[in-house]
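Got a structure for you, written out below as structure tokens; questions coming shortly.
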Amino acid sequence: MTQLPAELTAAQLRRACAPAEMDFTTTAEVDKLEGIIGQERATRAIEFGIEIAAEGYNIFAMGPSGAGKSSTILHYLQQRAAALPTPHDWAYVRNPGDAYRPRALALPPGKGQGATQGLRDALRQVESAVKSAFAGNLYEEARAEIGQRLQQAQQQTLRQLEAFAHQRSFTLLRTPSGLSFAPMIDGRPLAVEEFNRLDPAQRQAFSEHEGALEQAMEQAVRALQEMQARAEEELTGLNRRVAEATVSPLFAALRDRFNDCPNFVAYMEEVAEDIVRRVVGNRLILEEEEGAPGANARFHLDGRRSRWSDDYEVNLIVDHGSDAGAPVIHEINPNYPNVIGKIEYRAEFGALVPDHHTIRAGALHRANGGYLVIDARALLSYPMAWEGLKRALRYKEIRIDDPATQAGAAPAASLAPAAIPLSVKVVLIGDPATYYTLYALDSAFSKLFKVRADFASDMEWSAANLDAIARFIRTRCEEETLRDFTPAAVAEVVEYAARLVESQRRLTTRFAHVADILREADYWAGEAAAAVVDRNHVQQAIRERRYRSSLYEEHLLRLIQEDVVAVATTGSAVGQVNGLSVVQLGDYAFGKPARISASVYLGNRGIINIEREADLSGRIHDKGVLILAGYLGRVYGQNKPLTLNASIAFEQSYDGVEGDSASSTELYALLSALADAPLFQNLAVTGSVNQMGDVQAVGGVTAKIEGFFDLCQARGLDGSHGVILPAANVQHLMLRQDVVQAVADGLFHIWPVRTVDEGFALLSGLPAGVRQADGAFPDGTFNRRVADRLHAMAETLAGFSRTPPSDVREEEDATPAAEPEPDPVPPDPAPPAAPEVDAA
């Protein structure tokens, strides 16, 4: 005979944390927490990923939300970064050779701001000095002297040419079109008509001098041009001397100040040379008086007028002036411009025009030489940002491209800034699904992110971890100005941490949820005008949190109490048993009792899963139902064929059902229908089953038990109610104190079972029965009743197969079976908030 399992005691339903184990009066006496609790594997992976310098060893940190991934990573990165050298400042400057390809300029760490301001001040001084130098008397006198010498030489040449012409009776004419000769008689030039009236001999005499005059004219013009060129060279030399004498001294002090930055000094020399070149070429536009916009005025993005000296200013995009150590950047909005950088545009004469001033840094620029932390899901929501990050990591450079260019929608003018060398460690934070999806679908991912940091969702319930939780509470209290916690309050928090993971041996590592309870307990302590947070304040915080989230739970419970949803808690019934499911509503889950029924009739279709036929069953639930057929075949089909039709359903279930934790419950209902044995309705069941008849552990047992307890308590506990659960789930029980007290008072019962036989014996009051040597089960056992019913059904169906009644044959031949009309579906008792599952 099968021995019934022993009922669980109240002490087995919840592990208590004894305040006496804690050697402090309040958490104010405890040391602060350094690091994070329960994440040794993840922290070792992070330390390894941070320290290794090989290519591709970026980090992907994955784990559940609230496990402290971001805080842990940022903590370790900031510690490591403080010991590293501060990287270069970075700037973009104008490229004199190609203004649309700005050059990148590396500056000593922390000196970028000083270099930028120093160059701006020097340029303003140069701008003013150049204006003054070229408007001064000395320059004007020197320029006038060159002009006078040119004029005197030109006049001397023209006088000589004129004298040459007079000797040959010609005069030199100066006209708008140039110089020319005219014949002259008695000192008076002849008009064309007068020249034509001369006799041929006179005209011939004048014509004889044309060749000499033309040659003299050519020589004079050539001399004049040479004089003009020499004068221009003198003026150019003057301009260069004045410009160099004006510009060079103004950059000398800046060169001495930044002599340890050869890149910047070289750029200043280029700037000085380019200014001189533009002055010498008369292409430098001297700015008009302030407030008087000219035809050549340009404007910055902020509306300020642009000056010619702005062309040479430095656009500092990365400034580490206030940083100590390497940067740690946490980019919370990782779109393409925020990660890679961007090029802005300013309006100029109706067109969008960029220049090196409109280049903006991205997170990669700011993190260069340090660490960059990004949320993986947020990054993947911007595909171009993900591709840009991979490209930068692969080629070790940051190249700013306008995304609009790739889409063919860029303005007519665009920039191609020089790439900046990249040395950065990237840490992506995400969940396991994101990691495995990227690993499977993106071939570059495994080459760029070779370090996986797995964050655990729970940790061992140990003395060391209890001490760590107390230190965590002390740290939160200090950082958030909360009241100190007593040992009893800390013990309640520990039990809550165990309840979150449904374990008497483990504690949650999702301390974001624990921190919420700390804050809420501090609030209720404040409402009670308490100086410290005690156990009752933590309990009140947990109760209030449950109350805020339990509206839908109470609504379902009320529907069951009002018999709108049929769940019996008294009496007995054949083929009917109370199952337990879990409803998940965001961060809140609760147990929901549900009636599971089975009916058996002649046929050979086997077990019909009504939920599956209605497309309301998940794959795991389907598998659980199919396992039932394997169990029936192993136990009852060894000496006869199994021929039956059986249908199983979750009654009044209008949402999806998933999971296999109801498979044992469904089997009990099926065996009850086969054995015609009523089952006690004051009991509820959870647990999955295998083909051997072993009852296996399931999830959500704490919520399931509490859900049935609440229903029984609402209807009145009489000492007969209870729950049957897998024995393997006893270690997962962290029941509420009211449930534990009811068990202690004998008003509620919980039985752990290991086999289907044990569970059915509890539900039916019948012994299971063990197969005897002849292959039969003992009389009076439910296994015997099931075996006899299956044998009878097989014989009955076989008899029908041999001599089917003629009226049945004719009816079957004449009229095909009609589709059964669906039963009217009652309205859903409440708006479906989330799929219903039968396993956590």
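Give the residue that is least open to solvent (accessible area, probe 1.4 Å), with candidates limited to residues of segment 314-336 that are modelled with pLDDT of 90 or more and of a type in the set (D, E, K, R).
So, considering only residues that are modelled with pLDDT of 90 or more and of a type in the set (D, E, K, R), the one least open to solvent (accessible area, probe 1.4 Å) is Glu331.
Something else now. Can you spot a residue in segment 48-60 that is on the phi < 0 side of the Ramachandran plot and over 32 Å from the mean Cα position of the chain (by Cα)?
No.
Quick one: is Glu273 surrounded by 14 or more Cβ atoms within 10 Å (Cβ to Cβ), within 30 Å of Leu105 (Cα to Cα), among the acidic types (Asp, Glu) and free of Cβ contacts under 8 Å to residues at least 12 places away in the same chain?
So Glu273 fits the description; yes.
Being open to solvent by 20 Å² or more (accessible area, probe 1.4 Å) and over 33 Å from the mean Cα position of the chain (by Cα) is the filter; apply it to segment 549-558 and report the residue that is farthest from Phe709 (Cα to Cα).
Filtering segment 549-558 for residues that are open to solvent by 20 Å² or more (accessible area, probe 1.4 Å) and over 33 Å from the mean Cα position of the chain (by Cα), the one farthest from Phe709 (Cα to Cα) comes out as His555.
Now, a different point. Filter segment 559-583 down to the residues that are in a strand (DSSP E or B) and open to solvent by 50 Å² or more (accessible area, probe 1.4 Å), then identify the one that is nearest to Asp710 (Cα to Cα).
Ser572
Taking Gly687, is it at positive phi and either surrounded by fewer than 22 Cβ atoms within 10 Å (Cβ to Cβ) or in contact with an Asp or Glu (Cβ under 9 Å, 6 or more places away or on another chain) (or both)?
no
Got a sec? Which of Arg174, Arg168 is assigned to a strand (DSSP E or B) and either open to solvent by 100 Å² or more (accessible area, probe 1.4 Å) or touching a His at 6+ places or on another chain (Cβ under 6 Å) (or both)?
When all the criteria are applied, what remains is Arg174.
Given (1) open to solvent by 80 Å² or more (accessible area, probe 1.4 Å); (2) in contact (Cβ under 8 Å) with a residue 12 or more places away in the chain; (3) not in a helix (DSSP H, G or I), where does Arg240 come up short, assuming only one miss?
It fails just one condition, (3).
Going through segment 218-244 one residue at a time, which ones are under 60 Å from the mean Cα position of the chain (by Cα) and not acidic (Asp, Glu)?
Asn239, Arg240, Arg241, Val242, Ala243, listed by residue number.
Inside segment 33-56, can you point out the residues that are in contact with a strand residue (DSSP E or B) (Cβ under 7 Å, 6 or more places away or on another chain) and open to solvent by 40 Å² or more (accessible area, probe 1.4 Å)?
Those that are in contact with a strand residue (DSSP E or B) (Cβ under 7 Å, 6 or more places away or on another chain) and open to solvent by 40 Å² or more (accessible area, probe 1.4 Å): Arg41, Phe48.
Evaluate the following for Thr9: is it in contact with a Pro (Cβ under 8 Å, 6 or more places away or on another chain), more than 26 Å from Ala367 (Cβ to Cβ) and either β-branched (Val, Ile, Thr) or buried (at least 22 other Cβ atoms within 10 Å of the Cβ) (or both)?
No; evaluated as a whole, the condition is false for this residue.
Quick check on my filter: what residues within segment 723-746 are crowded, with 19+ Cβ neighbours inside 10 Å and among the β-branched types (Val, Ile, Thr)?
Val723, Ile724, Val739, Val740, Val743
Another question, then. Which one of these is in contact (Cβ under 8 Å) with a residue 40 or more places away in the chain, over 27 Å from Gly341 (Cβ atoms) and not in a loop (DSSP other than H, G, I, E, B): Ile46, Ile50?
Residue meeting the stated conditions: Ile46.
Filter segment 752-763 for residues that are within 46 Å of the chain's Cα centre (by Cα), surrounded by fewer than 23 Cβ atoms within 10 Å (Cβ to Cβ) and under 23 Å from Gln681 (Cβ atoms) and give the result.
The answer is Pro752, and nothing else.
Would you mention how many residues in segment 584-617 are of a type outside the set (Asp, Glu) and either loosely packed, with under 15 Cβ neighbours inside 10 Å or at pLDDT below 85 (or both)?
So the answer is 16.
Please work out which residue is modelled with the lowest pLDDT, limiting yourself to segment 381-401 and to residues that are within 19 Å of His356 (Cβ to Cβ) and open to solvent by 20 Å² or more (accessible area, probe 1.4 Å).
Going through the qualifying residues, I end up with Asp401.
If only one of Leu422, Leu415, Leu448 is under 28 Å from Gly369 (Cβ atoms), more than 18 Å from the chain's Cα centre (by Cα) and at pLDDT 95 or above, which one is it?
Just one listed residue meets the conditions, Leu422.
Within segment 115-164, track down each residue that is of a type outside the set (A, V, I, L, M, F, W, C), in contact (Cβ under 8 Å) with a residue 60 or more places away in the chain and within 18 Å of Ala266 (Cα to Cα).
Thr116, Gly118, Arg120
So in segment 702-717, with the set limited to residues that are more than 46 Å from the chain's Cα centre (by Cα) and more than 19 Å from Leu8 (Cα to Cα), which one is surrounded by the most Cβ atoms within 10 Å (Cβ to Cβ)?
Within segment 702-717, the match that is surrounded by the most Cβ atoms within 10 Å (Cβ to Cβ) is Arg715.
Taking the condition over 30 Å from the mean Cα position of the chain (by Cα) and part of a helix (DSSP H, G or I), does Ala81 pass?
no
Out of everything in segment 57-78 that is open to solvent by 30 Å² or more (accessible area, probe 1.4 Å), of a type in the set (S, T, N, Q) and in a helix (DSSP H, G or I), what residue ends up being modelled with the highest pLDDT?
Gln78
To keep it simple, each residue is scored yes or no on (1) over 20 Å from Glu706 (Cα atoms); (2) free of Cβ contacts under 8 Å to residues at least 24 places away in the same chain.
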residue: Thr481; (1), (2): yes, yes
residue: Pro487; (1), (2): yes, no
residue: Glu492; (1), (2): no, no
residue: Ala498; (1), (2): no, no
residue: Thr508; (1), (2): yes, no
residue: Leu518; (1), (2): yes, no
residue: Ala521; (1), (2): yes, no
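Of everything in segment 87-138, what is hydrophobic (A, V, I, L, M, F, W, C) and open to solvent by 70 Å² or more (accessible area, probe 1.4 Å)? Give them in sequence order.
Matches in segment 87-138: Ala135, Leu138.
Next up: Check Glu706, Glu795 and return the single one that is over 22 Å from Ala6 (Cα atoms) and of a type in the set (Asp, Glu).
Result of the check over Glu706, Glu795: Glu795.
The values are calculated or read from the model by the stated rules, or taken from the named source; none is laboratory data. No experiment lies behind these values; they were computed from the predicted model shown. No Cβ is skipped: glycine too gets one built from the backbone with ideal geometry, and neighbour counts run over all protein chains shown. Protein only, heavy atoms only, side chains kept; ligands, DNA and RNA dropped before computing areas. Shrake-Rupley method; radii C 1.70, N 1.55, O 1.52, S 1.80 Å.
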